[in-house]
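For reference, the structure is listed below as C-alpha cells.
No lab work stands behind these numbers, since they all come straight from the coordinates. As the structure is a computational prediction, the values presented were derived from the model and not from experiment. All Cβ positions, glycine included, derive from the backbone under ideal geometry; neighbour counts span all protein chains shown.
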Amino acid sequence: MKKNLPTFILGIVLLTGLVAPLATGASAPGFYIEVLLGGLMAGVLYSLVALGFALIFKASGVFNFAQGAMVLFAALAVARLAERMPLWVAMLLATAIMIVLAWLVERLVLRPLVNQEGVALLMATLGVSYFLDGFGQTVWGSDIYKIELGIAKEPVMILDQLFQGGILVNKEDFVATIAAAALVASLMLFFQKTATGRALRAVADDHQAAQSIGIPLNRIWVIVWSVAGIVALVAGVIWGSKLGVQFSLSQVALKALPVVILGGFTSVAGAIVGGLIIGVGEKMAEVFLGPVMVKAFDLAGGGIENWFAYVLALLFLLVRPEGLFGEKHIDRV
Amino acid sequence: MSGGATVERVTGEVIIAVEGVSLAFGGVKALSDVSFDVREHEVRAIIGPNGAGKSSMLNVINGVYHPQRGTIRLKMDGTLREFHDMDPHEVALSGIARTFQNLALFKGMSVLDNIMTGRNLRMHSNILLQALRLGPAAKEEIEHREAVERIIDFLEIQAWRKTPVGRLPYGLQKRVDLGRALALEPSVLLLDEPMAGMNVEEKQDMCRFILDVNDHFGTTIVLIEHDMSVVMDISDRVVVLDYGRKIGDGTPDEVRGNQAVIDAYLGVSH
Amino acid sequence: MFYRENGQYKTTYAADQQMLPILQDRVFMAGLLVVAFVAVPFFASDYLFLSLLIPFLILTLAAIGLNLLVGYCGQISIGHAAFMAVGAYAAYNIALRIPQLNFLVVLVLAGLIAAAVGMLFGVPSLRIKGLYLAVATLAAQFFTDWLFARVKWFTDYASSGSVSTAPIVMFGWTIDTPVKKYCFLLAVLIVFTLIAKNLVRGHIGRAWMAMRDMDVAAEVIGIRPVYAKLSAFAVSSFYVGVAGALWGFMHLGSWEPLAFNLTLSLNLLFMIIIGGMGSLLGSYFGAAFIVMLPILLNQLPTLLGVPISTAMISHLELMIFGALIVFFLIVEPHGLARLWAVGKEKLRLWPFPH
C-alpha cells in the first residue's frame, strides 16, 4: 500500500483529467476531438524536441538543457535565411550550421568535460543555452520572424457527416504532424539498421566497452549532437510557422524535460509517447479543467498549461522515477 | 601476527544471523539461499571468486539492498531481533559500521571531517543551537573532536588531519575509511576488501590495525578479502561463496580442505 | 612576507575550530568591516547604493542560500527564484494584513513559509537525484509563476497583478534612504553568513556534504537522507525566502508578476558556479560578478567611445554569461573562491615558489 498510494493518486488525477472532459465532450464530441487533435499536434512537437534530448542523453549522458536554445537558434536561422533564398536552400544551409554547431559543442564543451559528473554537464549545457540565445539573437536579430511553409492555413472541416458541426483541422498542422512523424520513423530506422546507429546504441549501453572495440566516442557525439540539431531544426520550423519565430520558443521547448521524465530518459519510444501524453494532457487541462478552476478559486485567468507538464512530471517522479519505458537504475557500492 | 593464537580465542554468542537470504537484480541472481552466522568478538571472513556475491552480502546486512527472501537477525539489547527492510541508518544505529571496496570517502572534505561524520549518529544538538553555535553545540563539537583525535592517533594519520582526502595516497585513504567506521564505536565492523591494491607493508599495517581493534575493543570483524594468506592468518572462521551460493563454512583449516572450495578456486567446470 | 601563520600555536580544540584561525585574516576582516560600515556610507553615492550595493547584498544572501543546497548538499535546483517569490509574497501579505508587525518578524515569518514550501518541493529529492531533481525544481518555478500571477488573494486583488510594499518600520525606525537600507542589509547579511558558517562546520553541515560526496556511504555510517536533504532544502529556502522578501521590499519596492522568473533562478545558479560551489565566500564573489557585469557592459562601450544598442548589450550579456559558465566549469570548477584561496596560499609562501 505504501508504494501503491502515489500510483493511486496519479491514476485519479489522470482519470479526472481525461475522462471528465469526455463526459462534457459527449454533448459536443466535435469540440472534444478538436482539443484532442490540438493536443496531439503540440504533443508531436514535444516528442520531437524530447527525442533530440533523449538521443543526447543516451549517447553521452548529458542532460541537454540547451535543446530549447537549439530549437530557437535553428528556427531563427531558417527564418532569416529564407528572406534571401528559397526555403529549401535556407533549410539545407541551416542544417549545415547546426552540424557545425554540434562539432563546436563537442570540441569546446564536451571534450574538456568528459568524465565529469552529470550535474556539471547539465550546468555546462545551461551555459551553452545562454550563449546560443545571445549569439542567435546577435547574428539573426531579435524580432518576431515568420516562416512560410507555403501551405494554406485555412481550417478545413472534416467528418461533418459524422458529428454535429464536424471538426476543424488546420491543413498546415496536419502536414507538419506527418512531417514530424516521418522524421521520427526515419530516425528509428537509422538507429536500428545502419552501422552508425548500432555504434551509437553501443555507446549508449557502455561507453568504455564501446571505446575498447574501436568506436570513436568523439565522432559519435558529433553525430548525435548533429542529429539533435536537425531534430531541433524541424521542430523549430514547424513551431515557427505556427507561432512565429521568437525568443519564447526557447522556453516552450523546455517542456521536453518533463516529457523525457515521463517517458524515461533513455527511451526513444518513451520520448514519443511522453510527448503525446503531455501535449494532450495540458491542452485538456487548459480547456476543460481551466475554466472550472478559474471559477472555483476565482483566478485571474487560466494558464494551467504553463505548469501542467512539470507538475505531472513531478508526480510521476514520485511514483515511477525511471519513467514509463526507462530501465531501473541500481546503485553499486 | 600469529595465526595459531587467534583461532583458539574464545568467541561469544551469535551477533548476526543470516538465514536463507536470496537476492536478485532483475533476472540476475546475486545471492541464493545463503545462511551463516557471526559470533561476538570473532574475525569472520567472507571469501570467494569475483562476482561470488560477497559485496552484495555486506550490502544486504547493511540494509543497502533488501533481499527478496530470507531474514537477517541482529543482536540488539542482548537479544537477536529480526529486521525487515531495514534502512542503512537503522543498521548503523544497531552498532554495525562498514568500510568500502572502492573507497567511498567524502572527497570534498578533510580527513578530520570525514571521520567526524562517523560521530554524526551520536550528535544531537538541534539546528538552532548549531546555527548560533551556542554552549551545548560547541561543547558537543569539542567532545566528539576529542574522540576523533584518538582515532587519528590510533591510525597514525595525525599529519594529514586537515588535508582533503582526495589528495591522500590510496593506502592512507583506506585508513581514513577505517577511521570513519571506527568513529561509530561499532560492535561489528564490516570490511570490504580493506587491503585491496595495497603493497605488503601497507597490508601489514592494515592487519595490525584490524587485529588491534578486534583485541582492544572486542569489535567483531566481518571481512571480505582476496589475499588468502591474510585470510588464513587473521580469521577465526571463513564463509566461502561462489556464484551466490555458500559452498563452505568453517575454520580456515576446514575450508582449506573443502573439495568444493578447491574446485571453485581452481575453476572446475560446473 | 607579512602573511604568515608561524608561531601561532593552538592549544585547545576550540582555538583550532575557530572561524579565522590565522591572526592576519582576523585583522583583515576587521578592517573590511570598518570600511563597509563606516567608510562606504560616507562616501558612496545613491547611484552606487541603488544599482550596485543593495542588489549585491541581497543577491549574495540568495546565493548563499542556493549554495547551501547545491554546493554543500549536492542537490541541484534550477527553480530557486520560486522560493524567493514565496518569501516576497509572504512578506507582502503579512505586512499588509498585520501592519503593526516589526519588519524583522515579517522577514523571519516569510523565511519560514518559504522553508516549508521548499521542503515540500524537496520531497522528490528523497527518491530521485541529480538531473531528475532539476526538472522537479523547474516545476516549483513554473507553478509559483502561475500561482502568484493568477490567484488574486496573493496580490490583494490588484487589477494589474502587481504589488507595492508598505514603508519598512521597525522599533520606530523607518528604513527609507539608500544608506539606511544598505546598513540594514549589510547587518542582515553578516548575521546570515555567520549562521551559515556555523551550520556548515557543524554536524548538520557534515551530513550535507556527506550526502553530496557519496550518498550511499553517508547512509551506511548512519546519516539519514531524509533529514539531511530536507533540512538542506528548508535552510536553503529560508535564506532564499528572506532574500526574496528583501528583494521585494528594499530593492524593487513594487513588482509585477514574473519578477521572480526562470532567468533569476538561472542567474542565482550562475552566481554560485562562477563564485564557487560549496564556498560562502564564493557566493559573495559570484553575486558581485553578476551585479557588476551588466553595469560594466553598459558603461564600458560609452567610455571607450563605441556605444552599442541596449538590445546588443543584453545579447552580449547572455553570451558572456554562457561562455563564462562553460569556461569556469572546465578550467576552475570551484570558481573564483578557489582562485582566491590559491592566491592566498601563494602569498603565505611568498617569496618561495613552493
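Below 17 Å, Cα to Cα, which lysines can C:LYS10 reach? Residues fewer than 8 away in the same chain don't count. Of all the lysines, those that pass the test against C:LYS10 - Cα under 17 Å, at least 8 places apart if same chain - are B:LYS162. Across the stretch B:47-60, in residue order, what do the Karplus-derived ³J(HN,Hα) couplings come to in whole Hz, using 6.51 cos²θ - 1.76 cosθ + 1.60 with θ = phi - 60° and x for Gly and Pro? Coupling constants for the stretch B:47-60: 10, x, x, 4, x, 7, x, 5, 5, 4, 4, 4, 5, 5 Hz.
Looking at the protein assembly as shown, the DSSP beta bridges with both ends there are about 65 percent antiparallel. Take each peptide in C:288-297, C:130-139, count the other Cβ atoms within 10 Å of every residue, and average; sorted highest first, the result is C:130-139, C:288-297. Report the residues of the stretch B:162-193 in range of a label on B:ASP212: point 7 Å along Cα→C-beta, backbone N strictly under 12 Å from it. Of the residues in the stretch B:162-193, B:179 have backbone N under 12 Å from the label point off B:ASP212.
Taking every alpha-carbon pair under 8 Å whose residues sit at least 6 apart, the stretch B:107-179 reaches a relative contact order of 51 percent. In terms of surrounding Cβ atoms within a 10 Å radius of their Cβ, A:PHE73, A:PHE31, C:PHE233 rank from fewest to most as A:PHE31, C:PHE233, A:PHE73. In order along the stretch B:13-23, the Karplus-derived 3J(HN,Hα) couplings, from 6.51 cos²θ - 1.76 cosθ + 1.60 at θ = phi - 60°, round to 7, 5, 10, 10, 10, 9, 10, x, 7, 10, 9 Hz, and Gly and Pro are given as x. Each of A:SER241, B:SER22, C:SER159, B:SER125 was scored by other Cβ atoms within 10 Å of its Cβ. Arranged with the fewest first, they read C:SER159, B:SER22, B:SER125, A:SER241. Taking amide H as placed 1.01 Å from N in the peptide plane, the amide H of C:VAL151 sits under 5 Å from that of A:ALA300, each at least 5 places away or on another chain. Look at the stretch A:135-148: the mean tally of other chain Cβ atoms within 10 Å of its residues' Cβ atoms is 2.
Using the Cβ-Cβ distance between C:ALA187 and C:LEU96 with R0 set to 30 Å, the FRET efficiency from 1/(1 + (r/R0)^6) comes to roughly 0.75. Computed on the stretch C:44-349, with alpha-carbon pairs under 8 angstrom and 6+ residues apart, the relative contact order is 33 percent.
Taking each residue as 0.36 nm, the span from C:THR302 to C:LEU23 lengthens on full extension beyond its C-alpha to C-alpha distance by 96.0 nm. Determine the alpha carbon to alpha carbon distance for each of A:LYS283/C:LYS152; A:LYS255/B:LYS107; A:LYS295/C:LYS181 and list only those over 30 Å. As for pairs spanning more than 30 Å Cα to Cα, those are A:LYS255/B:LYS107; A:LYS295/C:LYS181. Compare the Cα positions of A:ALA204, A:VAL237, A:ALA253 along the charge dipole of the stretch A:185-257 (+1 at Cβ of Lys, Arg; -1 at Cβ of Asp, Glu; about the Cα centre) and return the one farthest towards the positive end. Highest projection toward the positive end goes to A:VAL237. The lysines whose alpha-carbon is closer than 25 Å to the alpha-carbon of A:LYS193, local same-chain residues fewer than 8 away aside, are A:LYS58. Close amide H pairs (under 5 Å, H built 1.01 Å from N) link B:VAL238 with B:ALA45, B:GLY250, B:THR251, residues at least 5 positions away or on another chain. Placing unit charges on the Cβ atoms only, positive for Lys and Arg and negative for Asp and Glu, gives the stretch B:107-179 a dipole magnitude near 200 debye about its Cα centre. Ranking B:MET123, C:HIS80, A:LEU187 by Cα position along the charge dipole of the protein assembly as shown, where only Lys, Arg, Asp and Glu carry charges on their C-beta atoms, puts C:HIS80 farthest toward the positive end. Along the charge dipole of chain C, pointing to its positive end and built from +1/-1 on Cβ of Lys, Arg, Asp and Glu, which listed residue (C:PRO333, C:GLY205, C:ALA232) has its Cα farthest out? Going by the charge dipole, the pick is C:GLY205. Highest mean first, the peptides B:220-230, A:303-313 sorted by other C-beta atoms within 10 Å per residue fall in the order A:303-313, B:220-230. Beta bridges from DSSP with both residues in chain B: antiparallel share about 60 percent, rounded to the nearest 5. Mean residue ellipticity, 222 nm, helices only, chain C: the sum of -39500 (n - 2.57) across DSSP H runs of n ≥ 4, divided by residue count and rounded to 500, is -21500 deg cm²/dmol.
Placing +1 on each Lys and Arg Cβ and -1 on each Asp and Glu Cβ, with no other charges, gives the protein assembly as shown a dipole about its Cα centre of roughly 1320 debye. Cβ crowding within 10 Å, taken as a proxy for footprinting-reagent exposure, orders A:TRP225, C:TRP350 from fewest neighbours to most as C:TRP350, A:TRP225. Neighbours of B:GLY171 by Cβ distance under 12 Å: Lys/Arg scored +1, Asp/Glu scored -1, total -2. Quick check: the distance between the Cα centres of the stretch C:98-168 and the stretch C:279-343, to the nearest angstrom? Each part's Cα centre sits 28 Å from the other's.
Going 7 Å from the Cα of A:VAL114 in the Cα-to-Cβ direction, what parts of the stretch A:192-215 have a backbone nitrogen less than 18 Å from that spot? Inside the label zone: A:199-215. Spatially, the stretch B:23-97 and the stretch C:176-236 are offset by 35 Å when compared through their Cα centroids. Taking Lys and Arg as +1 and Asp and Glu as -1, the other residues whose beta-carbon sits under 12 Å from that of A:VAL224 total +2.
Close amide-amide hydrogen proximity is noted between B:ILE16 and B:VAL38, each under 5 Å apart and 5 or more residues distant or on a separate chain (H modeled in the peptide plane; Pro and chain starts excluded). With θ taken as phi - 60° and the Karplus curve 6.51 cos²θ - 1.76 cosθ + 1.60 applied, the whole-hertz 3J(HN,Hα) list for the stretch B:191-197 is 10, 9, 6, x, 10, 4, x Hz, x standing for glycine and proline. Rounded to the nearest 0.05, the FRET efficiency derived from the C-beta distance between A:PHE174 and A:LYS146 at R0 = 22 Å is 0.65. Remark: the stretch B:213-258 carries a charge dipole of roughly 220 debye about the Cα centre, counting +1 on each Lys and Arg Cβ and -1 on each Asp and Glu Cβ.
Once C-alpha pairs closer than 8 Å and six or more residues apart are averaged by separation and normalised to the residue number of chain B, the relative contact order reads 28 percent. In straight-distance terms, cross-link reach from B:LYS203 covers every one of the lysines whose alpha-carbon lies under 16 Å from its own, apart from those fewer than eight places away in the same chain; here that gives B:LYS174.
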